[in-house]
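Each value in this text was obtained by applying a stated rule to the coordinates, not by laboratory testing. It should be emphasised that the depicted structure is a prediction, and the values quoted were computed from it without experimental measurement.
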């Protein structure tokens with residue numbers, strides 16, 4: 001069965017939106033991982049002395 005041009009256009013548009021939503025979700029999950037890693041790093045400071053500290 002053939003699709004009309006309107007149906008084909010709507011299907012293409014919905015695919016584009018889904019792919020961009022997936023891409024955004026992937027980027028957000030990676031960003032959250034990086035933020036968690038940074039928080040863990042900052043919660044356990046190294047043994048270096050602070051400038052001006054004695």
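Classify segment 1-43 from the C-alpha gyration tensor, please: rounded if a/c falls under 1.5, else prolate or oblate depending on whether a/b exceeds b/c. Before the final figure, lay out each step's value.
On the way: a/c = 11.34, a/b = 7.12, b/c = 1.59.
It comes out prolate by the Cα gyration axes.
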Here the gain from full extension of residue 33 to residue 15, 0.36 nm per residue of separation minus their alpha-carbon distance, amounts to 3.8 nm
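Provide the gained length on full extension for the span residue 3 to residue 22, in nm with one decimal, where the gain is 0.36 nm per separating residue minus the Cα-Cα distance.
Working: separation 19, 0.36 × 19 = 6.84 nm, distance 2.59 nm.
Gain in length upon complete extension: 4.3 nm.
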